[in-house]
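A quick write-up on the structure given underneath.
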Amino acid sequence: MAEAGFESLEQCLEKHLPLAELQEVKRILYGKETRKLDLPGVALEAASRGDFELQGYAFEAATEQQRKPRTVRVGLVQNRTPLPADTPVVKQVAALHRRMEAVVEVAATCGVNIICFQEAWTMPFAFCTREKLPWTEFAESAEDGPTTKFCQELARKHEMVVVSPILERDAAHGDVLWNTAVVVASSGAVLGKTRKNHIPRVGDFNESTYYMEGNLGHPVFQTQFGRIAVNICYGRHHPLNWLMYSINGAEIIFNPSATIGALSESLWPIEARNAAIANHCFTCAINRVGQEHFPNEFTSGDGKKAHRDFGYFYGSSYVAAPDGSRTPGLSRTRDGLLVAELDLNLCRQVNDVWGFKMTGRYEMYARELAEAVKPDYTPKIVKE
């Protein structure tokens, strides 16, 4: 299928456009050009052996007199599930742990300080099926489950913050399931967790069969390398969700996702980038790749034939900056690691130029939204 075989927008542009036109197109598409990082040869060789793409770019800020550069390197990981969905649960999780261990080794060689995996990274994205077993068996404790312990080992070994989105089993509250991201500090301590605030009910994305909207609000985590937040997947469609992480002080907002081409690919390059601009912060959009086939057929409730797969997850992970610039995306078809060097000083510098935080009428919005959610609300429409 063309959807699966089309490698990337960047590759297509570079293949068909003369250099001068290519530079203009990239300026319009991506804003200020990001500097390509000179990544270690040993890392590039390891990525080649491991069959995953490795790219690196840097965002730069102006030199200030009273603040030193606040440079941090983030790593975004996109991958396919290495084993078929009908493989025993323990084997699937173990294979994904091994895969991430190899990718994180390369990230460490590249100087990554904070790494984020894709949504529900330890399992196939089986929520389309609406079956309980075996998919609920992938759920783990966020505090001391095997995946969190695995990430703690990675964090301690590499002195790296690890953001690990998992299916959480909340034993303290009646074994409730949540779509959760665990944040492990560079010391190896569990810094905290955040939960997916918005649950889709779109086509095959019937995720409320498994978990409901998160109840932890919009926490921001102070790490050794900066303040981070995690806006899980469908939350990227909700501008106020990004806003609240920013209001709470996030300098980098990760968006681990699982989304398919037919549904959302035209939205993908816009939403996280727009959020970076609107909220004076860096955003990191992460999507898985490949196609996952399930043992039993399921339907979308749209009159179409029953099927055993979602379609293709299109990868294309990227980082966007508060000035509107962004990196090229990773491949649409291959596993990949994107390394981005950020100067967090850019957040305040852009804020000082555009002043969205200063000119935002938050008190007006809050007052009008408080009225709008009341059952007897009447929209303020002026008529002749």
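The values are calculated or read from the model by the stated rules, or taken from the named source; none is laboratory data. Fair warning: this is a prediction, and the values are worked out from it, not measured in the lab. Positions of Cβ are backbone-derived with ideal geometry, glycine not excepted, and every protein chain shown enters the neighbour counts.
The residue that is farthest from Arg332 (Cα to Cα), counting only those in region 229-278 that are assigned to a helix (DSSP H, G or I) and aromatic (Phe, Trp, Tyr), is Tyr245. Contact map, region 303-320: first residue within 23 Å of Phe6 (Cα to Cα) and touching a residue at least 12 places away in the same chain (Cβ under 8 Å), second residue among the acidic types (Asp, Glu) and outside any loop (DSSP other than H, G, I, E, B), Cβ cut-off under 6 Å, separation 6 or more or different chains; pairs are Arg308/Glu297; Tyr312/Glu3. The single residue among Ser316, Ser331 that is in contact with an Asp or Glu (Cβ under 7 Å, 6 or more places away or on another chain), closer than 28 Å to Ser8 by Cα and small (Gly, Ala, Ser) turns out to be Ser331. Every condition in (1) in contact (Cβ under 8 Å) with a residue 24 or more places away in the chain; (2) closer than 15 Å to Ala139 by Cβ is met by Asp175 except one, and the failing one is (1). Just one of the listed residues (Asn113, Asn179, Asn197) is surrounded by 23 or more Cβ atoms within 10 Å (Cβ to Cβ) and within 30 Å of Leu243 (Cβ to Cβ), namely Asn179.
Within region 227-258, track down each residue that is at positive phi and surrounded by 23 or more Cβ atoms within 10 Å (Cβ to Cβ). Hit for region 227-258 is Cys233, nothing else. The residues in region 18-62 that are touching an Asp or Glu at 6+ places or on another chain (Cβ under 9 Å), assigned to a loop (DSSP other than H, G, I, E, B) and within 23 Å of Ile270 (Cβ to Cβ) can be counted, and the count is 4. Answer yes or no as to whether Asn351 is at pLDDT below 95 and either surrounded by fewer than 17 Cβ atoms within 10 Å (Cβ to Cβ) or out of contact with any strand residue (DSSP E or B) (no Cβ under 9 Å at 6 or more places or on another chain) (or both). Answer is no for this residue.
Among the residues making up region 326-384, those that are in a loop (DSSP other than H, G, I, E, B), touching a residue at least 40 places away in the same chain (Cβ under 8 Å) and of a type in the set (A, V, I, L, M, F, W, C) are Leu330, Leu344. Of all residues in region 51-63, at least one satisfies being at pLDDT 95 or above, under 28 Å from Ala126 (Cα atoms), of a type in the set (D, E, K, R) and in contact with a Leu (Cβ under 9 Å, 6 or more places away or on another chain). Residues in region 119-149 that are assigned to a helix (DSSP H, G or I), at pLDDT below 95 and not small (Gly, Ala, Ser): Phe127, Cys128. Note on region 270-293: among residues that are more than 19 Å from Ile247 (Cα to Cα) and touching an Asp or Glu at 6+ places or on another chain (Cβ under 7 Å), the one that is surrounded by the fewest Cβ atoms within 10 Å (Cβ to Cβ) is His293. Set side by side, the residues Val350, Val382 differ, and just one is in contact with a helix residue (DSSP H, G or I) (Cβ under 9 Å, 6 or more places away or on another chain) and over 30 Å from Ala102 (Cβ atoms), which is Val350. The residue that is surrounded by the fewest Cβ atoms within 10 Å (Cβ to Cβ), among those in region 31-42 that are over 23 Å from the mean Cα position of the chain (by Cα) and within 13 Å of Ala107 (Cα to Cα), is Gly41. Of all residues in region 55-65, none are without any contact (Cβ under 8 Å) to a residue 12 or more places away in the chain and closer than 23 Å to Met160 by Cα. If you check Ala181, Ala139, Ala94 for being under 24 Å from Phe313 (Cβ atoms), free of Cβ contacts under 8 Å to residues at least 40 places away in the same chain and under 21 Å from the mean Cα position of the chain (by Cα), only one passes: Ala139.
For (1) within 24 Å of the chain's Cα centre (by Cα); (2) loosely packed, with under 15 Cβ neighbours inside 10 Å; (3) among the hydrophobic types (A, V, I, L, M, F, W, C), each residue gets a yes or a no:
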| site | (1), (2), (3) |
| --- | --- |
| Leu29 | yes, yes, yes |
| Ala58 | yes, no, yes |
| Asn79 | yes, no, no |
| Val90 | no, yes, yes |
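Go through the residues of region 220-228 one by one and say whether even a single one is of a type in the set (Ser, Thr, Tyr) and either closer than 30 Å to Val339 by Cβ or assigned to a strand (DSSP E or B) (or both). Looking through region 220-228, at least one residue is of a type in the set (Ser, Thr, Tyr) and either closer than 30 Å to Val339 by Cβ or assigned to a strand (DSSP E or B) (or both).
Just a yes or no: is a residue in region 286-294 in contact (Cβ under 8 Å) with a residue 60 or more places away in the chain, on the phi < 0 side of the Ramachandran plot and aliphatic (A, V, I, L, M)? Among the residues of region 286-294, at least one is in contact (Cβ under 8 Å) with a residue 60 or more places away in the chain, on the phi < 0 side of the Ramachandran plot and aliphatic (A, V, I, L, M), which makes the answer yes.
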